[in-house]
Amino acid sequence: MRVELTRITKRFGPLKAVDDVSLSIREGTFFTLLGPSGCGKTTLLRMIAGFYTPDGGEIRFGDKRVNDVPPHKRETGMVFQNYALFPHLSVFDNIAYGLRARKLPRREIEARIGKIIGSVQLEGLEGRAPSQLSGGQQQRVALARALVISPQILLMDEPLSNLDAKLRVSMREEIRRIQKELGITTIYVTHDQEEAMAVSDRIAILNRGRLEQVGAPAEIYFRPESRFAAEFMGSSNIIELTVEGYDEAAALITAEAGGQWLRIRGQRPPEGRIVLSIRPEWIGVADAAQAAEANVLSGEVLSSTFLGPLVRYRVAGPTGAPIAIEVHNPDERGIHGDGERLFYRIPPDKPVVLKG
Amino acid sequence: MGKYFKAWNLILGFIFIILFFAVLYPILFIFKASFIHPETGAFSLKSYQNFFHYPYYLRCLRNSLFVSSLGTLFALILGVPFAFFLARYRIPGKNLIKTLGTLPLILPTFIGAEAWLMLLGRNGLFAKLLGPLGIDVPSIYGWRGIVLVFTLQFFPFIFLMVSAAINAIDRSLEEAATNLGSGRLRVFFTVTLPVVTPAILSGALVVFYLCIENFGVPILIGEDFRVLSVQAYNEFISEMGGNPSMAGALSMVLLAITLGLTLLQKYWVERKSYAMTSLNPLEVKQLRPLPTFLIWLFCAGLVFIALFPFAVVMVSSITKTSGPVMYWGQFSLENFIRAVAIAPRPIINSFFLATTATLIGIVFGVVVSYLLVRRRGAVSYLLDLLVMLPLAIAGTVQGIALAATYNKGLIVLTGTWMILVLAYFVRKTPYSIKTTSALLQQIDGSIEEASINLGVPPVRSFIKVVIPIMLPGIIAGGIIMWVTTLAELSSTIVLYYGPWATMTVEVFQRIGSGDFGPASAYATILIISVLIPLFILNRVSGKDLASSL
């Protein structure tokens, strides 16, 4: 089922929790709403589920406007952050709950539950009470309960946040597998960018109720449009510089940064001040002999953190703000200490000029 | 709020209508009545002028404040050490002492008063035993007896609140103080006691409130020592049919005090209390034998003295009597035969009224709890205020207000059993709401949303999912409502009429006429009816019975 949000707004008192958000989610997509707490992602999800009514805008499932459809008639399956299992019902009865509400014949209920229990691997636990299950098992029951009603849309509100790190990784893979098997349109809320990249077809980044960027994970990672998107998906050095001129083909910009020159290829921002995003892992270490080469800059090492597979430096940057540099697969003797002068190279085709 | 809450909005409207007529309107009515001239019927400040002019009325106020202050003071003097000793030291039989120590809270105060009358009254046991030896028994009548009963029945409140505060202290707090160089006494006075002080103050306010609103004790043993609640009752009885102007004015004075105490408790003391989560409770110390014995003697002795009157009542119920004369040591079932076989009506009345009010209160309480916890907002704040308001109103005042309001006009309830049910419903439903909403607060709202999401409409989701989860709280709240209703004297005495006398009324009147034997028989049935459900509740849910009050 396709989901279409058009100019959705939701206010809580003076606060605009969701501010003019439009999204188009294609059938069968694993779509993630990503953002820090308070960004409006859960509010948006709850409006799709029907627990909140938007103050403005329109929600469509397929061609049908659902703004006025009460939540119990929206045919969405929802997995809650704390699972929301009914403590007074067994695993079987929890999963059967939605089917019984639909007054399905007993035989069909049993058949459907048998099938879903197999696919979420809960065999043998049907008679247990929720309190007798581990966190991962509770998560599976919640997923089975949402899926067994064959919803048109699956909604998940930070479903993995209560699990430990290791279980989180295996559960997200399983959720992705089941989603692909069923081909169900899934809207997933999380604040964890790694989780979002691992599971999603597409990601929408939200900030203070507004949409920052929508795109495939790699698209957002390599081509963030805003400072917020650049910093929230991975980490980024944000540098402000002044465009001084272009080469003949207008393919190479020359910009000045605190007395040092930088060349950027493939983008053509307007002249004047621009904001550049450069990921720490894109910056390479150079040596003193290369100091005169294009795009080689230098600065004093402010801190150096050795983490095994990588070394993380903070170096005094050209515009005052320190530059973060990550060197992967470092050489034991090539690690620079605090106070040393570090030469580094910014590849001309990597930096991203941010909008605005 | 979304459109799917429509059903709840209707229910909310209905609840406000009920609360308006049951709680707010009667109070406003009696407020208005207090400004009506008793003879001319015009607007006037006459009743208030009388109140401030005649020393007779002012003395009632002074008396009320006097016995309440003393009762609170002594309850503190006994309750605070009691709580500390039980929390910090190893004492033999500690659990039994704790459980029995909370019992006086639930046992009706007027039965305690009856017992002390039988012991220290003019025809009491002590007078009979010691009189011939030429020893004068100290008088129980007047303020001394009132303070005695208040102290013994209300110190457990201090105990409960203070021990809850002590149990919330983490061991590290005292260890930090010791680590910083404080000796044991210094730690107690600079850390432990200050941390517990808000609980002590809070407990003191509660006890003061219970003392000043109490009716049964001062009317039974106060004699010429009149307090506000008793005087309001007397005025109302003599004004009945006319204008409840003077009774109204006295009620308003009492209401101002009880309301003030409640607000003080809610906004001042609660804000000053310290929220802590204790990971490691304080160490329970083993003292040397002699100090252990002395502490045990204090705690066990206090519980014994507090419960002794109820044992006396139970024994006297099977003792041969003739009017006020008790033949101690000679047993007979005659009192019970007279109560159960000859005049069983009060027993039936009590059970019927308490059960009816409780059933209504449970349904109402569940719905209100739900609205309070789940539909927060300005409206639920108002709802909370209205529904909890009766907890700040003395039973006598509530009774007078209801009786005066529904005496004539569109809805006439005064003189029917329904007004008793209404009074109990208004006064006791807050207990049911407290327990159910506390439980509901622990249930995450998403449980219900999960049910709605799976296709079950809101109100049906509530019935299918929320109610079953809340059931333990509903039952506990219902039991507390039922037992406190059964023991209710102050509003009953104002509102009952002839055939609808309850056990409490029966006990009260028979004490008044010196008919102690049958009074004790009804009182014993009352005590047992209160203790059995609480005992079952305690066994089934492990819930501390008195902590829910």
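If you take the square roots of the eigenvalues of the alpha-carbon gyration tensor of chain B and sort them as a ≥ b ≥ c, do you get rounded (a/c under 1.5), prolate (a/b over b/c) or oblate? Judged from the Cα gyration tensor, chain B comes out rounded (a/c under 1.5). For residue A:27, put the label point 7 Å out on the Cα→Cβ axis and report which residues of region A:187-208 keep their amide N under 20 Å from it. Residues passing the 20 Å test: A:187-188, A:201-202. Evaluating 6.51 cos²θ - 1.76 cosθ + 1.60 at θ = phi - 60° for every residue in region A:43-49, the Karplus couplings come out as 4, 4, 4, 5, 6, 5, 6 Hz, glycine and proline recorded as x. Given points 7 Å out from each Cα along the Cα-Cβ axis, report the residue B:180 to residue A:355 separation in nanometres with one decimal. Calculated label separation equals 5.6 nm. Rounded to whole numbers, the Karplus 3J(HN,Hα) couplings from phi for region A:72-86 are 7, 10, 8, 6, 10, x, 10, 10, 8, 4, 9, 6, 6, 6, 6 Hz, using 6.51 cos²θ - 1.76 cosθ + 1.60 with θ = phi - 60°, and x at Gly and Pro.
Less than 5 angstrom separates the built amide H of residue A:56 from those of A:9, all sequence-distant by 5 or more or on a different chain. Per-residue ellipticity at 222 nm from helix content only, as computed over chain A with -39500 (n - 2.57) for each DSSP H run of at least four residues, stands at -7000 deg cm²/dmol. Remark: spin-label model distance residue B:391-residue B:7 equals 2.9 nm, labels positioned 7 Å along the Cα→Cβ axis. Annotation: the antiparallel percentage among DSSP beta bridges lying fully within the protein assembly as shown is about 75.
For residue A:188, the amide hydrogen comes within under 5 Å of the amide hydrogens of A:31, A:32, A:33, A:156, counting only partners 5 or more places away or on other chains and with H modelled in the peptide plane.
Quick one: divide the alpha-carbon radius of gyration of chain A by 2.2 N^0.38 Å and tell me what you get. Intermediate results must be reported in sequence, preceding the final value.
Details: Rg = 25.0 Å, N = 356, 2.2 N^0.38 = 20.5 Å.
Computed over Cα atoms of chain A, the ratio equals 1.22.
Scattering from the protein assembly as shown was approximated by placing one identical point on each alpha carbon and applying the Debye formula without solvent; log10 I(q)/I(0) at 0.05, 0.08, 0.09 1/Å stands at -0.46, -0.92, -1.05. Note on residue B:348 and residue B:90: with the Förster distance fixed at 60 Å, the Cβ-Cβ geometry gives a FRET efficiency of about 0.80. Counting 0.36 nm for each residue step from residue A:340 to residue A:103 and taking away their Cα separation leaves a gain of 78.0 nm. Evaluated at q = 0.12, 0.15, 0.20, 0.24 Å⁻¹, the base-10 log of the normalised Debye intensity for region A:92-160, with identical point scatterers placed on the Cα atoms, takes the values -0.29, -0.45, -0.80, -1.12. For a straight C-alpha distance cut-off of 20 angstrom, the lysines reachable from residue B:285 (same-chain residues fewer than eight places away being disregarded) are B:94, B:98.
Taking Cα centre as origin and charging only the Cβ of basic (Lys, Arg, +1) and acidic (Asp, Glu, -1) residues, the dipole magnitude of region B:1-121 rounds to 520 debye.
I need to check one value: relative contact order of chain A, counting alpha carbon pairs closer than 8 Å and at least 6 residues apart, in percent. Intermediate values should be presented prior to the final figure.
Values: 738 pairs, mean separation 55.3, N = 356.
This gives 16 percent for chain A.
If you plug the beta carbon distance of residue A:15 and residue B:266 into 1/(1 + (r/R0)^6) with R0 = 25 Å, you get a FRET efficiency near 0.30.
Working from Cα pairs under 8 Å separated by at least six residues, relative contact order for region B:182-325 is 24 percent. The relative contact order of chain B, computed from alpha carbon pairs under 8 Å that lie at least 6 residues apart in sequence, is 20 percent.
Counts of other chain beta carbons within 10 angstrom of each beta carbon in peptide A:91-102 average 3. Near residue A:212, the amide H atoms lying under 5 Å from its own belong to A:205, A:206, A:207; only residues 5 or more places off or on other chains count, and H is placed 1.01 Å from N.
How large is the dipole of region B:123-245 about the Cα centre if only Lys and Arg carry +1 and Asp and Glu carry -1, each at its Cβ, rounded to the nearest 20 debye? Write out the running numbers ahead of the final one.
Details: 6 positive and 9 negative charges, 83 e Å.
Here the size comes out at about 400 debye.
Ordering B:79, B:54, B:463 by Cα displacement along the dipole of chain B toward the positive end leaves B:463 in first place; charges were set at the Cβ atoms of Lys, Arg (+1) and Asp, Glu (-1). Each residue, residue A:198 and residue B:100, gets one label point 7 Å from its Cα in the Cβ direction; the gap between the two is 6.1 nm.
Coordinate-derived values only; no laboratory data. Treat the numbers as computed from the prediction; the structure is a model and nothing was measured. Note that each Cβ is placed from the backbone with ideal geometry, even for glycine, and that neighbours are counted across all protein chains shown.
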